[in-house]
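The values are calculated or read from the model by the stated rules, or taken from the named source; none is laboratory data. This structure is a prediction, so every number in the text was calculated from the model and none was measured. Here the Cβ is made from the backbone with ideal geometry for all residues, glycine too, and neighbour counts use every protein chain on show. Keep in mind that these areas ignore ligands, DNA and RNA; they rest on the heavy atoms of the full protein, side chains included. Shrake-Rupley method; radii C 1.70, N 1.55, O 1.52, S 1.80 Å.
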Amino acid sequence: MATPVGVARLCRLAGRSVSSLSARHRRAVSLPARTCFISTTTGNNLQFRLDERTAHSSLDLFKKDTGVIYRMLGLDPSRVQDNPERFRDWAVVFADERIGSGRHYWEVTVKKSQEFRLGVAEVQMSREDCVGTNNCSWVFGYAQRKWFAMTNSKIVPVTLVGKPDRVGILLDYEAGLLVLVDIEKPRIIHALRAQFKGPLCPAFGIWDGELLTHSGLEEPEGLK
């Protein structure tokens, strides 16, 4: 039987752990108003790119901002534009689209990464938290050769044989479901249930290797 992976191990970056975040730092970020598409129907085929304004200084975007690669050294944080949307402590990046309703599907190709997270988070989530460590982000992750589902620092092992090169993510906003999809079958691997209360965006964390996102896709048949 798979055993839960330690939260401190899963949320580290340059020696920083969950326990090092004091309560006074866990606050929502105040973001400037900006025009942003809000998905409203299943037929929208949500399309997004990764938002450089949110990317930690150890992350580089590529392929027209649809991919992200982790650089062990990265940039000096003082050399990236200072703004309230950027993650300063965690190797996390958000997508540039908001989701307020509907059912949406995208896929992620994993290249040479042994530690990553895929999911969604509230747009206003604190940039001082890591995705999966609070009650406003929901992720599926991979670390120490194990898959897991995580929200609010609660980890649930996910049974999955091997590490596929590409997986699907299905979000049903009204149903309160975030689903990890085996695209080869296709089939549902694991589902997270939640009560989404505000605009969400696709969210990604990576601590080695690279991820490539694929949006604007039709949901595979047989998942409903």
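Annotation: Ser101 fulfils all but one of (1) of a type outside the set (A, V, I, L, M); (2) in a loop (DSSP other than H, G, I, E, B); (3) more than 14 Å from Ala203 (Cβ to Cβ); (4) open to solvent by 30 Å² or more (accessible area, probe 1.4 Å); the unmet one is (4).
When each of Ile169, Ile188 is tested for being outside any loop (DSSP other than H, G, I, E, B), open to solvent by 30 Å² or more (accessible area, probe 1.4 Å) and either over 30 Å from Met72 (Cβ atoms) or touching a Gly at 6+ places or on another chain (Cβ under 8 Å) (or both), the lone residue that passes is Ile188. Only a single item in (1) outside any loop (DSSP other than H, G, I, E, B); (2) open to solvent by 30 Å² or more (accessible area, probe 1.4 Å); (3) touching a Leu at 6+ places or on another chain (Cβ under 8 Å) is not met by Thr213, and it is number (2).
Do we find that Leu180 is in contact with a strand residue (DSSP E or B) (Cβ under 7 Å, 6 or more places away or on another chain) and at pLDDT below 95 in this structure? No. Among residues of region 132-151 that are under 16 Å from Asp182 (Cα atoms) and open to solvent by less than 10 Å² (accessible area, probe 1.4 Å), those with a beta-carbon under 6 Å from a residue that is in a loop (DSSP other than H, G, I, E, B) and among the small types (Gly, Ala, Ser) at least six positions away or on a different chain give the pairs Val139/Gly132.
When you check Phe48 against the structure, is it closer than 25 Å to Gln195 by Cβ, at pLDDT 95 or above and not in a loop (DSSP other than H, G, I, E, B), yes or no? No; evaluated as a whole, the condition is false for this residue. If only residues of region 104-131 that are open to solvent by 20 Å² or more (accessible area, probe 1.4 Å) and more than 23 Å from Ala191 (Cβ to Cβ) are counted, the one that is modelled with the lowest pLDDT is Lys112. Anything in region 146-164 that is touching a strand residue (DSSP E or B) at 6+ places or on another chain (Cβ under 6 Å) and either assigned to a loop (DSSP other than H, G, I, E, B) or under 20 Å from Lys112 (Cα atoms) (or both)? List them, or say none. Within region 146-164, Trp147, Phe148, Leu160 qualify. Of all the residues in region 104-156, those that are of a type in the set (A, V, I, L, M) and in contact with a helix residue (DSSP H, G or I) (Cβ under 7 Å, 6 or more places away or on another chain) number 2.
Within region 174-209, the set of residues being under 16 Å from the mean Cα position of the chain (by Cα) and among the aliphatic types (A, V, I, L, M) comprises Leu177, Leu178, Val179, Leu180, Val181, Ala191, Leu192, Ala194, Leu200, Ala203, Ile206.
Can you say whether Val92 is open to solvent by less than 20 Å² (accessible area, probe 1.4 Å), of a type in the set (A, V, I, L, M) and under 12 Å from the mean Cα position of the chain (by Cα), as far as the supplied structure shows? Criteria met by Val92.
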